[in-house]
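Since the structure comes first, as structure tokens, the remarks are kept for the end.
None of the figures in this text is laboratory data; all of them are computed from the coordinates on show. Since the model is a prediction, treat every value here as computed from it, not as a measurement. No Cβ is skipped: glycine too gets one built from the backbone with ideal geometry, and neighbour counts run over all protein chains shown.
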Amino acid sequence: MLNHQEDLDSVFRALGDGTRRAIVARLSRSAATVSELAAPFEMSLPAVLQHLKVLEAAGLVASQKVGRVRTFRVVPGALEDAGRWIADVRTPAERLLDRLEAHLDEHAPPPPEESS
């Protein structure tokens with residue numbers, strides 16, 4: 001169980017950065033080279049590679065090198081555990097918010113009467 005928790009922590013740490021989320025979003029459409037991934041960002045290729053290393057260490061992306069070109073892709077199913085965790089937490093939280101809304105509606109003062 002601890003290893004699973006560490007894996008989940010690693011995924012959330014990796015996704016905690018906006019640049020890395022943008023990279024994952026881009027790779028969800030199709031595989032891309034480092035240069036293609038770096039194009040929209042105002043940062044050096046080594047900086048983009050650092051972000052990719054974090055994503056790869058978290059198991060979110062994988063790479064393949066052919067000659068001098070390294071291509072990255074999203075690992076299928078890599079976000080399933082994180083998505084499941086979010087769904088598990090969201091459902092009880094939403095129920096609490098629904099109960100709070102019902103309580104507030106029940107105890108809200110009546111609306112003011114309109115004067116003619």
Any idea what angle helix 80-106 forms with the longest principal axis of the chain, computed on alpha-carbon atoms, 0 to 90 degrees, nearest 10? 20 degrees
Measure off 7 Å from each Cα along the Cα-to-Cβ vector at GLU114 and GLU6, then give the distance between these two points in nanometres to one decimal. 6.5 nm
Would any residue of the range 1-44 have its amide N under 16 Å from a label point 7 Å out along Cα→Cβ of ASP81? List them or say none. 1-16
Two-decimal log10 I(q)/I(0) for the range 19-68, as the Debye equation yields it once each C-alpha is a single scatterer, q = 0.16, 0.23, 0.24, 0.32 Å⁻¹: -0.40, -0.86, -0.94, -1.56
Could you derive backbone 3J(HN,Hα) for the range 20-29 from the dihedral phi with the Karplus parameters 6.51, -1.76 and 1.60 (θ = phi - 60°), listing whole Hz in sequence and x where the residue is Gly or Pro? 5, 5, 5, 5, 4, 4, 5, 6, 5, 7
Measuring from the longest principal axis of the C-alpha atoms of the chain, the long axis of helix 2-15 (C-alpha) lies at a number of degrees, nearest 10, equal to 90 degrees
Starting from the range 27-63, pick out the GluC sites (Glu not before Pro) whose DSSP state is loop and whose Cβ has at most 16 other Cβ atoms within 10 Å. GLU42
For the chain, one quarter of the surface area of the C-alpha convex hull, expressed in nm², comes to 13.2 nm²
Report the trypsin sites (Lys or Arg not before Pro) located in the range 1-84 that are in a DSSP loop and have at most 12 other Cβ atoms inside 10 Å of their Cβ, or state none. ARG68
To test your reading of the geometry: what angle, between 0 and 90 degrees and rounded to tens, separates the Cα axis of helix 45-57 from the longest principal axis of the chain? 70 degrees
Just to be sure I understand: of the beta bridges DSSP finds with both ends in the chain, what percent are antiparallel, rounded to 5? 100 percent
